[in-house]
Structure formats: structure tokens, C-alpha cells
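Worksheet for the structure shown next.
Please treat every number below as a calculation from the coordinates, not as lab data. Since we're looking at a predicted model, the values are computed, not measured. Note: ideal-geometry Cβ built from the backbone for every residue, glycine included; neighbour counts use all protein chains shown.
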Amino acid sequence: MNRISSYFLGLAFLFFPLTVHAQARTKNVVVSDIDGSGLLRSCTNQVDTIETEFCEAFILGIRDGVTLATELRGVKPILAAPEGAKQDQLKAVVVKYLNDHPEELHKPAGMLVILALSKAFPPQHQGE
């Protein structure tokens, strides 16, 4: 599991800045072939399958990549998942969001994970 998490964290870290830069130039950027439907299918599979491991690693990779990119760029955070939030809790938040928003399942899974986590764990901006 750690190997898969590290893999997706590395991918998220490498591609997040490219995605942000690319989106500044055009709105029709395809970042991944994984959409909300595919992620939901992976996340709701039986426990201890490769699909379940993929789901959990994907969510952690997106969360960690966004957090790291925010820190490195020195910008306001877009989500603030508590340190004590466990993998199962983050997965439950994402699955609930995907189930509650079937009209968005065609969108990129990474974007939907960010939306789900930012709604569940909004940042507490200081000085605002």
C-alpha cells in the first residue's frame, strides 16, 4: 500500500503544477482518463482489492499533492483536512460527494476529490 501511495503522491506532485499552468492557458485540459464514475466504481468495490487500494492511494495522493503544492507556492490553502483524518474518513467523504453529485461524475476524478475534500474540510483563513 505504501508503494502505491508514494506512486500517486509523486504523480500528483509532478503533474499538479503542470495542470495549473495548462489550465491557465486553456479550459479544455484533460489531466487524466480517470473520471468520477471510474473513481466511484473503484472506491465502492469489495474491500482489499487492487481497485480499493487504487481508490485510497488516489485520494491520499491528491490530498497530499494539493497540500504540498500549496505550501511550496505559499498560497492560501483550498482545503484543510485535519491531521487526524484517516484514510477511511477521507474515502468516505469522497464517496459521499460522488454519490450526492451524480451530475458531476463525468468530470476528472482529481478535481472531484479536491471539491469533496475542500467542502468537507474548508480552510480556516486567518485575518479574513
Exposure proxy ranking, count of Cβ atoms within 10 Å, fewest first, for H106, H101:
H106, H101
At R0 = 25 Å the Cβ-Cβ FRET efficiency linking E104 and D48, nearest 0.05, sits at 0.35
Calculated from backbone phi, Karplus (6.51, -1.76, 1.60) coupling profile of region 71-85 in Hz, x at Gly/Pro:
5, 5, 8, x, 10, 5, x, 9, 8, 9, 5, x, 4, x, 5
Of the peptides 60-68, 36-44, 115-123, how do they stack up when ordered by the mean number of other Cβ atoms within 10 Å, highest first?
60-68, 36-44, 115-123
